[in-house]
């Protein structure tokens, strides 16, 4: 579907002929009993127990001092965690009242909903920075999600709520999100520009605002304008994916950004009687397969950019796409539906987890032998896809101005026996510094945190010009190969003329093997060169072999001691977002002496 083909008049005509908007069944609706049956009495009983405790618990406080903590110290978790707890309590209360319909939770819902409406900002401190003025609210991820949260709460249980709450809810959603979206052009995420590419924000913000409007806006002319504006913005979002459906943001942000795109696709299809179907496009089917193509082995994914190796994909999203687009592997990625309602940033997912439950299936899918994203130069190779403990490799080319960028041109990941041995460590702790000028002093975002070379003591630098170009790529039964020209990833001061990284995933030897070869030459005279491997595991260096990890998940790295010397550099307690801190060890293979040109060869085999 070409989203820019729609105009306001056409969307208005579609809305006029659309049937009644029923995105989910409610008490008394056809299909409501089936939802309760699928959820099961056990899960409903657990939810009711949690909701009863929530109903008498104090509402988490959100004082101005907590909001201002980010601007003062750079710390964002204090406010976000308290606001997130407000949300999760409201989600549980709403779902409990929706499923039971006895009025037991209405007072608690009203108390918490009014508290949410009275918050000075729905936007997070990291995005608004200061407390908003009433006439210029910040429309960010949190504000857009809040709009959809409250609109869906109103839809599910609105008949039980007071007129004053429902009236105030509509007014605040419009003032804080819908009207600014429709009337202002200062939202950086609205469209790509020559200087700024949109990212997951676009899908999340558009889905929240336009989704809320689908529920609440009664003026069809205005609703048509809102939807049309959203469609044009989403067209820019879809252009961030490569021709194979890949996203440089990584699998985690596929779940967040594209997941919200799918939420809006469902709402728009329902609101327009299927006449606007955001999933009806071959490109969408390619994008939908991104988590299937980036799984390294069962439970582990390629953790490039600010993604992590073990993202949690929403079961409802996977089930919906698996059935809608006939992609059964999506429902076989090991995401279990336990109906938990305390791990979400938005109401969309617990609601859909109840309404779109995941069928019980054994975890089976762990990738195919090979996946290749030519535009991003990502290669994923697997020795034996049917054996989740067999050797796996991921390597990327790309450039250093990608979405959620890290300076990681040439970064590689090796998994053995189901354990990440050579890592791309994923996201660091989100703070003011992490998204500011100091980002690349953080080891998680800098090339020091990735298995890429150091040249004359220089690491890679940021910017789209600092990129790799593909020399060759091939896939065969016995081997996969990717060769990248990477000299441009480094600053001119590094003095590198040629740097080629050649990686071969060799299936011809028992257990598999990764051959890594970095060839280099300097532009003027001689220099120093290091090939680097990064691991979270224990390292033991021998005269010709470095042992990383152990027999339960590890590799041996063979090297020529006449050509390189080996040393290690340990970084303990590196902070991560939404995860415990990690200890990283950089294993440095340094070319002996200052040389004009040379090559570092490493042979990586499972223990």
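The values are calculated or read from the model by the stated rules, or taken from the named source; none is laboratory data. This is a predicted model, so every value here is computed, not measured. A quick note on method: Cβ atoms are made from the backbone with ideal geometry, for glycine too, and the neighbour counts reach across all protein chains shown.
Details
- Exclusive hit being surrounded by 14 or more Cβ atoms within 10 Å (Cβ to Cβ) and in contact with a helix residue (DSSP H, G or I) (Cβ under 6 Å, 6 or more places away or on another chain), set 12, 4: 12
- Set 126, 179, 151: member being outside any loop (DSSP other than H, G, I, E, B) and under 24 Å from residue 92 (Cβ atoms): 151
- Filtered residues of the stretch 15-31 (kept if in contact with a helix residue (DSSP H, G or I) (Cβ under 8 Å, 6 or more places away or on another chain) and not in a helix (DSSP H, G or I)): 18, 21, 22, 23, 24, 25, 26, 27
- Residue match in the stretch 215-223 (condition: out of contact with any helix residue (DSSP H, G or I) (no Cβ under 9 Å at 6 or more places or on another chain) and either closer than 22 Å to residue 2 by Cα or at pLDDT below 95 (or both)): no
- Checked against (1) touching a residue at least 24 places away in the same chain (Cβ under 8 Å); (2) farther than 30 Å from residue 19 by Cβ, residue 132 passes all but a single condition, namely (1).
- For the stretch 439-495, taking the residues that are in contact with a strand residue (DSSP E or B) (Cβ under 6 Å, 6 or more places away or on another chain) and free of Cβ contacts under 8 Å to residues at least 12 places away in the same chain, the one that is surrounded by the most Cβ atoms within 10 Å (Cβ to Cβ) is identified as 474.
- Annotation: of all residues in the stretch 317-332 being touching a residue at least 12 places away in the same chain (Cβ under 8 Å) and not in a helix (DSSP H, G or I), the one that is farthest from residue 293 (Cα to Cα) is 325.
- Residue 277 falls short on exactly one of the conditions (1) at pLDDT 95 or above; (2) assigned to a helix (DSSP H, G or I), and that condition is (2).
- All of 49, 54 fail the test of being within 26 Å of residue 112 (Cβ to Cβ) and loosely packed, with under 14 Cβ neighbours inside 10 Å, apart from 49.
- Residue within the stretch 363-383 that is farther than 30 Å from residue 511 by Cβ and either within 18 Å of the chain's Cα centre (by Cα) or outside the structural domain of residue 203 (by TED's automatic domain parsing) (or both) present: yes
Rundown of residues vs (1) over 30 Å from residue 51 (Cα atoms); (2) part of a strand (DSSP E or B), yes/no style:
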site: 358; (1), (2): no, no
site: 364; (1), (2): yes, no
site: 389; (1), (2): yes, no
site: 403; (1), (2): yes, no
site: 406; (1), (2): yes, no
site: 421; (1), (2): yes, yes
site: 432; (1), (2): yes, no
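- Any hit, the stretch 501-508, residues being surrounded by fewer than 23 Cβ atoms within 10 Å (Cβ to Cβ), farther than 29 Å from residue 539 by Cβ and within 28 Å of the chain's Cα centre (by Cα): no
- Selected residue (only one of 34, 45 is assigned to a helix (DSSP H, G or I) and at pLDDT 95 or above): 45
- Set side by side, the residues 483, 545, 472 differ, and just one is under 30 Å from residue 385 (Cβ atoms) and more than 31 Å from the chain's Cα centre (by Cα), which is 545.
Conditions tested, residue by residue: (1) farther than 25 Å from residue 380 by Cα; (2) assigned to a loop (DSSP other than H, G, I, E, B); (3) more than 28 Å from the chain's Cα centre (by Cα).
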residue: 557; (1), (2), (3): no, no, yes
residue: 572; (1), (2), (3): yes, no, no
residue: 593; (1), (2), (3): yes, yes, yes
residue: 603; (1), (2), (3): no, no, yes
